[in-house]
Each structure stands twice: as structure tokens, then as C-alpha cells.
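Data block below; observations after.
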Amino acid sequence: MVTVVTMPKFGWTMTEGKIVRWLKKEGDAVRKGEPLFEIETEKMETEVEAIASGVLKKILAPEGSVVEVAKPIAIICEPGEELPPLEAILQGAPAPGEGVPRAEVSEEAAAPAKPPKPARASPLAKRIAAEHGIDLSALEGTGPGGLIVKEDVLRAIEAKRAAEAKPAAVEERAEPRPAEAPREEAIPGLPKAGKVIPLEGMRKAIADRLSLSARTAVRVTITAEVDMTEAVRFREQLAEEVERRSKARLSFTHMAIKAAAKALERHPIINSLLIGNEIRIMDEINVGFAVALEEGLMVPVIRNANRKSLFEIASEANELAERARKRELSPSDVADGTFTITNLGMYGVEDFTPVINPPQTAILGIGRIAQRPAVVDGRIEPRWIARLSLAFDHRAYDGVPAAQFLQTLKGILERPYELLV
Amino acid sequence: MSSREITYAEAIREALREEMARDARVFILGEDVGVFGGIFGVTKGLLAEFGEERVRDTPISELGIIGLSVGAAAVGMRPVPEIMFADLLPLCMEQIVNQAAKMHYMFGGKIKIPITIRVPQGAGRRTAAQHSQCLDAWFVHVPGLKVVAPSTPYDAKGLLKASIRDDNPVIFFEHKMLYRMRGPVPEGEYLIPLGRADVKREGSDATIVATSLMVHRALEAAAELAGEGISVEVIDPRTLSPLDRGAILGSVRKTGRLIIAEEACRTGGFGAEVAAIAAEEAIDALDAPIRRVAAFDVPIPFSPPLEDYVIPDKKRIIEAVRSVV
């Protein structure tokens, strides 16, 4: 008699489990009650016993696959019994869309419905694809044995760029149109624009990047009010010395960069990149800061900000901002950021919800620093107050770690002498 | 410093002579190193120059040769014993692995064992299974030993001098097919630090990490592949342990493809170690599987065509590169 082993359900809320390890191989004898496989669920890891005795004839869900509760994962047959046709069993199989061999099902069936295999690509190709949002399963590999390699991914990126660059209107037309055809002609009835800024170059790059972030990140913004009185005093006292030593004006953004870097040391999960299916906690703390330009913005990066002094950060940030305004930033100036700071306070903005810079998982927005009435020791006093807004990607971590980071950051800015060490 | 061309054997002899002249504690010993001048002629003339105390012919007694050397080193001498063929090293493994490699550690640093064991190795001379092996990988696996394998006369002289001056036990593998190779060697004094690899040829499409004689096969392969538009970088680690991981990983990150070319047999060899390091530390720089070109896992045949078949050659290296670009 054939026994179909299915993913068991442990507890009310379990919907799926991951097969961590098969304790028997195909062909092994199995006794009812002896441990057969190990699973991992959201809540725990456990061994699962065999529900029948016989021979483990076929493993349908390999180690590492995630299977819904009650779906088939293996077949136990009696010794000497043939493996039955798998279609009936596999109707409930875990794999969506992967070809189930119908005609040739036999004991040696090579591919029962397992969860779809990931595309065969070299590690380098996978990394580049993840960084550019390329779907590997759509690619043909030209590497050894049909492996998808870097060249194939680069070609796909080029093709994607070329396809996106074509204005939609041109694609719909039968006859070729000149490339500069204004877009509003494609949509009849639109009023004529006074000035048209084409979505291309830096503007398009920003639009694409932020669209990706908006589409994929689950953004939550939390805000904290920070008493910046000490920070204002600190800056006043230091500004002259910093300017003398490093020829740079010390700004609150510089202080925020160092404060954030220090806070990131204590909350490493915030200093992470979400790439593909991995939350990569980075060793280097590279803080980027937004620099506004006429037609857009750039985010140069201060590498290892936690290891640099306030002088060094002020001097480097000033130099990078200068070069940004002159369009002289190099790719390495804007690469490898792990966290970003954007400051709109000088424009009177109180707080805002910045868009996270993918693949980073958080961004800090700084609002206006102004004198407001505050309660100190039971008395009302004017204090310098600013609102900090931390937007973070809830896919990577939850509210509490983000709030804790913001709390640490607030603490550093309220007692800024820590920035000197 | 002016340069002239001398052979690999002459370069080694010069290193020995210079170090013996510089430091009275350095002495050499081994089978036929004195009167005969070494069976490959490397130590010719040294007995006449330095005398019997410092150039000692020994009986056929590998365990005794190394044992004597360890003892001498322990009391302050700097012996440079020779083991005539790498294949004979199993006879003195106890003294190398359990004594020389461990005494400094086990005695809390109180003594050091500054011996440099010179060992001819390798195939190509039809000396059959028991006189043709490359066993350097065995010693890479022993903590406490340094393992050096130069591929050119320049590297051989600089590395041997550095090895003799190193206070650690060093096994210095000379490839017997390289003794007659000529190459530029400066006149003056120079040392090559242990643990530093050499880029023998720069390239951008693939990295070959090659050791000893295989460095030359790799360079020949690279020259031929250049004609097909494939740019191959050849890295010669020179010191197998401690390994210059930085140089190797840097190259792998640049080219994305790694091939290791070694003469020893494949399984459990040095190539496996390099491949593991690359996979551990640069996996997402790799654009293709790692390939090892090595001897087949068989005893080295006596029959010339069979020996040539077993030992890797330029053609096998070219095939390996082509399979991954």
C-alpha cells in the first residue's frame, strides 16, 4: 500500500514548513514512528516521524524547499512495491508551474514536481542581476554548460535600458516618427505644456531608482523630536576651529552623519542592504548624504564614517558636495553607501517621508531646527528642537529595532560631546 | 644592479655560498652533496670552498639527516639539509612534522628550529613512481612549516636566501626539470620575502594560479591563448605556505575566472586549497566554475609516453581556460 507523506501542521497558525533535512535516502527502509525528516517553521524546528513502515520510495520535496501544509513531500511504498504514476499524487504538489513528466513517470523519474529550480547562473552574474533587478529565469546562458554569466546579464541590462528609453508613443505608431516628437501628441486633449523637461539622464535615473524603491520596499516612517540645544551650542563653539583646521564649514548634516555612523555601530541591522532574498548586514558604515543640484540630486558617500573624526567628515563632505555641484563626482564617490541622510530643514520643512535609497534599508530625514517652547524641569523654556524622520524598509526589520536606532541617534545629538570621541 | 643569465642550479648554489660566507652557523648536509657535488650538480664546489665541517656527506639516512639538523638547529646552528628526492620525505616525516614543525610551539618559544630542507621534486626525467612525485601539498597542511617552491633562477636565489635567514623550518622544493633553466639574476645581494606571490603575466579574462614547473606551462598556454584574444593572468604564489591570499583573491576579483595548474595529483592537493579560498572569500566575483589542472590520480609511470600523458601540459591548461571563458 502506498503512503503519501505530507507536510504536517503544527499549531493553528502554521501554513508552510521548510524541509531542513531528510534523515533517510530514497530506497532506505523506514519504520513507522522513527524520525524521517526535519522541518523548520516560523516558530520552531522539529523532527517528524514516519507515518508508515516500508521503503522511502521517492522524495518529492528536496532539502531546502518550502512546502504548504498538507501538500505531498514523499512517498512510502511497501517493500517490493512499484512506484505508482505520480500525476494523481502530484496534483497537490508544491511546485507551481514546473513541468511534471507525465508520460515517462517511472522509478527513475528524474524530475517530479519539485519547487522550480533557480536559474543556473554564476555567482557574479547573480550578484549583478540582483543589483539591477534582472530576472535570471528569462535569460539564456552562454557560459559553460549553459550557465548564465556576467556577459549575459550585462546584455540584458543594456536591452532593458534600450527598451525603456523608447517613448511609448513611438512604439504604438505604425510609421516611424522623429525621436523628438513631443509626448503630449500621443494623448489627445492634453493642454499644451509651457516647458517640457524630458525624463531622461539624471532625472530618469532618479525616477527609476525611486520607483523601484516605492514598488518594492515596505516603507514605514517614524519620527522623533530631538532637543538640539546642546548640539547648537556645540556647533557654535566648534565651527570656528573646524573651519580653521579643515577649511570647511561645520554643518548639522556633518554632525548627523557622524551621529548616525555611531548609532549604526550599535544597531548593525540598520546598516544593511536588502538584495534579492538576503538582508546583508554590512561591515563598513558608509553614510551618503543628499546634495541638491539644479536638475536633480546626487548622494555622495562618506566611507567608514564611524572611523572618521568630525573634522574629516566635514572636510570630506564639503569637498564631495563641491564636486557634486560641478558634476565632477566619480562612480566610486557615490557607490557602496549603506545609509543615507537628507536634510530639508534649511527650507523650513518640519518633517517628511523620504524615499529609501535601494538596496539600503533606511534613510534619515532631518527637519527644521527652530526654537520652540519646551518643558524642562517643569518650566517652559525656549529650546532648539528638530524632528528626525527615519524611513525604513519593514521587510528587513521591524519597528522596534528601527525605533531603538532612532532613540540612540537622538541621544547622541542631545549629548553631542560624544561626537568628539 | 646589473643582471646576467645563470641557471636555476647555479642560482641555488650562489645562494648557498653567499649565506654560508655570511653566517658561520649555516652548513649543508645530505647524500652526495659534498664530494659528488649533488646528484644534480647543485652543490658542486662548495666542499672545496667551505670544508668538511660545513659540507657534510651523510649515509643514506633521511630520518637521521633531518634529526641531526633539528638537533643542531635547536642549539643554535642553521642547517640546510638536502633530501635527494621528495619521494624520500616520508622517511623523515616524523622529524619534520612532529619535531621541526612543533618544537618552537611546544617549548613555549624557548628554542627555534631554523632549518631549510632543500628537496628536488617533480617528474619528466623518467625516474618513475618513487622518484618523480610532487609532495608540497602535504607540508602546506602542517602548521609550523613554511613551504616554498620557486619557478625561476631569480626566485630560487632570492627565496633560498630568505628561507635560510628565516627562523622557522622551511621546506624548499626545487623542480628537477628546472635546474638547467637559464634566467636573469642580479649580481648584487637581494632577498625575496616569503609569503609574497608574483604576477608572472598580467591579464584580464582568467587567472591561472600555477606552481613550480607549471608556471612555465601556464605562461606557454597564456601566450597561445593571447592569439585567440583571451587575456590570461598567471600568478605564481612562490611561497605555498604562508600563501599570498591577497594577490590571488585580487586577481580572481579582477578576472572572475580561476584555474589552478599544479603538477601534483589532483585529489586533496594545493589546488583544492586555493579553490576553497576563492569560493569562501570571493564567491560573488566568480563568473564560472573553478578548474584544477593537475596530474591524474595515479602513480607516475616509468613509460615515457605514459608519464607525459599523466603530467599536465600546456594543452590541458589551454583546454581548462577555454572551458570557462
- line: Projecting the Cα atoms of B:Leu91, B:Ile117, A:Ala74 onto the charge dipole of the protein assembly as shown, where Lys and Arg contribute +1 and Asp and Glu -1 at Cβ, the residue farthest towards the positive end is B:Ile117
- prompt: By average Cβ neighbour count within 10 Å, what is the ranking of B:26-34, A:380-388, A:356-364 from highest down?
  reply: A:356-364, B:26-34, A:380-388
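How many partner chain Cβ atoms sit within 10 Å of a residue's Cβ in peptide A:141-149, on average, as a whole number?
Values: counts 0, 0, 7, 7, 3, 0, 4, 1, 7.
Going residue by residue through A:141-149 and averaging, the value is 3.
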- request: Lys and Arg at +1, Asp and Glu at -1: add these up for the other residues within a Cβ distance under 13 Å of B:Leu194 and post the number.
  value: 0
field: Percentage of interatomic Cα-Cα distances in the stretch A:123-172 larger than 14 Å
entry: 52
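Just the ratio, please: alpha-carbon radius of gyration of the stretch A:3-90 over 2.2 N^0.38 Å, N its number of residues.
Details: Rg = 12.5 Å, N = 88, 2.2 N^0.38 = 12.1 Å.
Relative to the 2.2 N^0.38 Å estimate, the stretch A:3-90 comes out at 1.04.
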task: Specify the angular offset, from 0 to 90 degrees and rounded to the nearest 10, of the alpha carbon long axis of helix B:314-324 from the longest principal axis of the alpha carbons in chain B.
output: 50
query: For the stretch A:218-420, what is the charge dipole size about the Cα centre, in debye to the nearest 20, if Lys and Arg each add +1 at the Cβ and Asp and Glu each add -1 at the Cβ?
result: 180
message: Using the basic label-point model (7 angstrom from Cα toward the beta carbon), what is the A:Asp135 to A:Glu16 distance in nanometres?
response: 1.8
task: Calculate how steeply helix B:62-74 sits against the longest principal axis of the alpha-carbon atoms of chain B, using the helix alpha-carbon long axis, and give the answer as 0 to 90 degrees to the nearest 10.
output: 70
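To two decimal places, what compactness ratio does the protein assembly as shown give when its Cα radius of gyration is scaled by 2.2 N^0.38 Å? Don't jump to the answer; show the numbers that get you there.
Working: Rg = 34.4 Å, N = 746, 2.2 N^0.38 = 27.2 Å.
So the protein assembly as shown has a normalised radius of gyration of 1.27.
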statement: Out of A:Leu139, A:Leu56, A:Ala314 - ranked by how far each Cα lies towards the positive end of the dipole of chain A, with unit charges on the beta-carbon of charged residues - the top one is A:Ala314
- prompt: Over the alpha carbons of the stretch A:186-257, what is the largest minus smallest coordinate on each principal axis, giving the biggest first in Å?
  reply: 61, 31, 21
message: What translational diffusion coefficient, to the nearest whole µm²/s, does the stretch B:3-186 have by Stokes-Einstein, given a Kirkwood radius computed over alpha-carbon pairs, a temperature of 4 °C and 1.567 mPa s viscosity?
response: 80
- request: Sticking to Cα atoms, compute the Rg of the stretch B:88-197 to one decimal and its Dmax as the biggest Cα-Cα distance, whole number, in Å.
  value: 14.9, 45
message: Can you give me the Rg/Rh ratio for the stretch B:130-194, using Cα atoms for both radii and the Kirkwood formula for Rh?
response: 0.99
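Mean shadow of chain A, computed from the convex hull of its alpha carbons, in nm²?
On the way: hull surface 125.9 nm².
So the mean shadow area of the Cα hull is 31.5 nm².
Taking N as the number of residues in the stretch A:379-421, what is its alpha-carbon radius of gyration divided by 2.2 N^0.38 Å?
Values: Rg = 13.6 Å, N = 43, 2.2 N^0.38 = 9.2 Å.
So the Cα radius of gyration is 1.48 times the expected 2.2 N^0.38 Å.
Can you compute the helix-only [θ] at 222 nm over chain B? Use -39500 (n - 2.57) per DSSP H run of at least 4 residues, normalise by all residues, nearest 500 deg cm²/dmol.
Values: 11 runs with 110 residues, N = 325.
-10000 deg cm²/dmol, from helical runs alone.
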Per-q log10 I(q)/I(0), the stretch A:264-421, q = 0.16 Å⁻¹ (Debye; single scatterer per alpha-carbon; no solvent): -1.00
query: Across 20 Å bins from 0, what is the distribution of all Cα-Cα pair distances for chain B, in whole percents?
result: 33, 57, 10
- prompt: Lysine pairs, Cα distance under 22 Å, 8 or more residues apart or cross-chain: how many in the stretch A:3-90?
  reply: 24
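Enumerate the helices in chain A for which the Kyte-Doolittle hydropathy averages 0.5 or more and the C-alpha atoms extend at least 18 Å along the helix's axis, using complete DSSP H runs. Don't skip to the end; give the middle numbers.
Details: long enough: A:150-165 (22 Å, -0.58); A:201-216 (23 Å, -0.26); A:229-246 (24 Å, -1.22); A:252-266 (21 Å, 0.15); A:310-325 (22 Å, -0.33); A:399-414 (22 Å, 0.56).
Flagged H segments are A:399-414.
Which entries in B:Lys176/B:Lys314; A:Lys247/A:Lys308; B:Lys102/B:Lys157; A:Lys126/A:Lys160 show an alpha-carbon gap greater than 25 Å? Walk me through the numbers before you get to the answer.
Working: B:Lys176/B:Lys314 18 Å; A:Lys247/A:Lys308 16 Å; B:Lys102/B:Lys157 27 Å; A:Lys126/A:Lys160 17 Å.
Check vs 25 Å cut-off fails for B:Lys102/B:Lys157.
The numbers here are math on the coordinates, done by the rules we state, and not lab data. Just so you know, these numbers come straight off a predicted model, no measurement behind them. Glycine also receives a Cβ, built like all others from the backbone with ideal geometry; neighbour counts cover every protein chain displayed.
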